[in-house]
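See structure below.
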Amino acid sequence: MPKRGKNYKAAAATFDKAELFDVEQAMDVVVGTAKAKFDETIEAHFRMGVDGRHADQQIRGAIVLPNGTGNTKKVLVFAKGPKAAEAEAAGADYVGAEEMAQKIQQEGWFDFDAVIATPDMMGVVGRLGKILGPKGLMPNPKSGTVTMDVAKAIAETKAGKVEYRLDKTNIIHCPIGKASFGPEKLIENFNALSQAIIKAKPAAAKGQYMKSVVVAATMGPGVKINTAKLV
């Protein structure tokens, strides 16, 4: 078990960690436990009742959170010609083609938070799968990051678009904002995300879809949410 600091222990002592809270109560608690000297990120963790090893039980998508994430993302766009010019005009931080792929492969360059690509560039981007995939940066049509409408994709990413997907343990981890947002904005973001995940339920999913949901600040303890109230 990792050693816990004084702030963590003090925060954990302010509520019953076994209790299942309504969303409104949970956000009050999680904001109250964010005591670090920086603006802590609030994350939601959904343990899902599916088996992601099966293609028909995968859960993946993207949503623009109503109040953003509190982070400004650096966006890399793989495009050529008019689409590259469109991406630059739309505010992409980096735009290029083969030379960007080489920079990532040869220099280990990762000064970006999101990757968007036009469909014709996927032959180039596909070669980066083993590098971008593990970092959750691989463009995908389901998340809207493989598209001809690069301007829209850039605008959504900059506005607070988050991608949700199962990890190997069938958990979805996703930021829903900063502690400074306050409970009300975090509630709006959480509800938008949870409803998107519910709508993305695979037809092959059986039994309880959401097994457990926990929200936590970067340095704070997990606060459990009553999943029965989310469906």
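Each residue in the stretch 154-165 was checked for being modelled with pLDDT under 95, out of contact with any Cys (no Cβ under 8 Å at 6 or more places or on another chain) and open to solvent by less than 20 Å² (accessible area, probe 1.4 Å), and 2 pass. Looking at the stretch 187-213, which of the residues that are in contact with a helix residue (DSSP H, G or I) (Cβ under 9 Å, 6 or more places away or on another chain) and among the hydrophobic types (A, V, I, L, M, F, W, C) is farthest from residue 59 (Cα to Cα)? Among residues in the stretch 187-213 that are in contact with a helix residue (DSSP H, G or I) (Cβ under 9 Å, 6 or more places away or on another chain) and among the hydrophobic types (A, V, I, L, M, F, W, C), the one farthest from residue 59 (Cα to Cα) is 187.
Filtering the stretch 111-132 to residues that are open to solvent by less than 30 Å² (accessible area, probe 1.4 Å) and touching a residue at least 12 places away in the same chain (Cβ under 8 Å) leaves 112, 114, 115, 116, 117, 118, 121, 124, 125, 128, 132.
Within the stretch 91-107, the residues that satisfy the criterion of being open to solvent by less than 50 Å² (accessible area, probe 1.4 Å) and assigned to a loop (DSSP other than H, G, I, E, B) are 91, 92, 97.
Restricted to the stretch 114-231, the set of strands (runs of 3 or more DSSP E) holding at least 2 residues that are of a type in the set (Lys, Arg) comprises 161-165. Taken together, 135, 142 contain a single residue that is closer than 20 Å to residue 175 by Cα, touching a residue at least 60 places away in the same chain (Cβ under 8 Å) and open to solvent by 30 Å² or more (accessible area, probe 1.4 Å), which is 142.
The values are calculated or read from the model by the stated rules, or taken from the named source; none is laboratory data. Values in this document were obtained by computation on a predicted structure and should not be read as measured data. Backbone-built Cβ (ideal geometry, glycine too); neighbour counts: all protein chains shown. Ligands, DNA and RNA are excluded from the accessible area calculation, which covers all protein heavy atoms including side chains. Shrake-Rupley method; radii C 1.70, N 1.55, O 1.52, S 1.80 Å.
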